[in-house]
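Report on the following structure.
The values are calculated or read from the model by the stated rules, or taken from the named source; none is laboratory data. What you are looking at is a predicted structure, and each value in this text was computed from that prediction instead of being measured. Don't worry about glycine lacking a Cβ; one is built from the backbone with ideal geometry, like all the others, and counts go over all protein chains shown.
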């Protein structure tokens, strides 16, 4: 039995870029969909979003979409990246393109699916690390603003990290570039 009671165990890692508007965590990361049995990060998506309930296929595998989380870019611009939750997995996915049977949307994954361990569906702790340039962030629910604006939020410079504990603080976490389009990168780990 593995016990890590204080901060939990890491389930998801991710990256936010181009935070020119206040950015926060998708609800599917704050409350993991109970139907999902596996997840995988995707590095690019196409013109159409995958639809919950549709079957997606790879070269020699299939699964049913539970939810799609877009963390960077947008559908329709071939820049979307994020996390895909699935169930009813048949076969083995690898680094490949996955295509939706109904939407015809695609995502490119860099590895096989990762099984979701049973347990708490809500994160206990969040680690954020900043790269390239500074951000402003809040955990109060109020949106942070750029330095040149109202300058609201805690400043984090490139190279700094911060641990945030508690599901409500994580749900309220928001970040924005301290200077518009400064290229800041936020990397995170969510512990459950």
Those residues of the stretch 141-157 which are under 20 Å from the mean Cα position of the chain (by Cα) and surrounded by fewer than 16 Cβ atoms within 10 Å (Cβ to Cβ) amount to 141
Is at least one residue of the stretch 73-84 in contact with a strand residue (DSSP E or B) (Cβ under 8 Å, 6 or more places away or on another chain), more than 21 Å from residue 33 (Cβ to Cβ), in contact (Cβ under 8 Å) with a residue 40 or more places away in the chain and not in a loop (DSSP other than H, G, I, E, B)? no
Just the residues that are touching a strand residue (DSSP E or B) at 6+ places or on another chain (Cβ under 8 Å) and under 19 Å from residue 191 (Cα atoms), please, taken from the stretch 120-136. 123, 124, 125, 126, 127, 128, 129, 130
Considering only strands (runs of 3 or more DSSP E) fully contained in the stretch 94-171, which possess at least 3 residues that are not assigned by TED's automatic domain parsing to the domain that holds residue 37? 125-131, 135-138, 154-156, 161-165
Reported set for the stretch 158-176 where residues are surrounded by fewer than 20 Cβ atoms within 10 Å (Cβ to Cβ) and within 19 Å of residue 26 (Cβ to Cβ) is 164, 166, 167, 168, 169, 171, 172
Which of (1) at pLDDT 95 or above; (2) out of contact with any helix residue (DSSP H, G or I) (no Cβ under 9 Å at 6 or more places or on another chain); (3) not in a strand (DSSP E or B) is the odd one out, the single condition residue 180 does not satisfy? (1)
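One line per residue, one yes/no per condition, for (1) assigned to a loop (DSSP other than H, G, I, E, B); (2) within 24 Å of residue 123 (Cα to Cα); (3) within 17 Å of the chain's Cα centre (by Cα):
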{"site": "43", "(1), (2), (3)": "no, yes, yes"}
{"site": "48", "(1), (2), (3)": "yes, no, no"}
{"site": "56", "(1), (2), (3)": "no, no, no"}
{"site": "65", "(1), (2), (3)": "no, yes, yes"}
{"site": "71", "(1), (2), (3)": "no, yes, yes"}
Any chance the stretch 18-25 includes a residue that's in a strand (DSSP E or B), farther than 25 Å from residue 164 by Cβ and touching a strand residue (DSSP E or B) at 6+ places or on another chain (Cβ under 8 Å)? no
Of the residues in the stretch 161-192, those that are under 13 Å from residue 137 (Cα atoms) and over 14 Å from the mean Cα position of the chain (by Cα) come to 161, 162, 163, 164, 169, 172, 176, 177, 178, 179, 184
Exactly one of (1) at pLDDT 95 or above; (2) out of contact with any helix residue (DSSP H, G or I) (no Cβ under 9 Å at 6 or more places or on another chain) is unmet by residue 149. Its number? (1)
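Per-residue answers, yes or no, for (1) surrounded by 15 or more Cβ atoms within 10 Å (Cβ to Cβ); (2) modelled with pLDDT under 95:
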residue: 30; (1), (2): yes, no
residue: 46; (1), (2): yes, yes
residue: 49; (1), (2): yes, yes
residue: 53; (1), (2): no, no
residue: 70; (1), (2): yes, yes
residue: 73; (1), (2): yes, yes
residue: 95; (1), (2): no, no
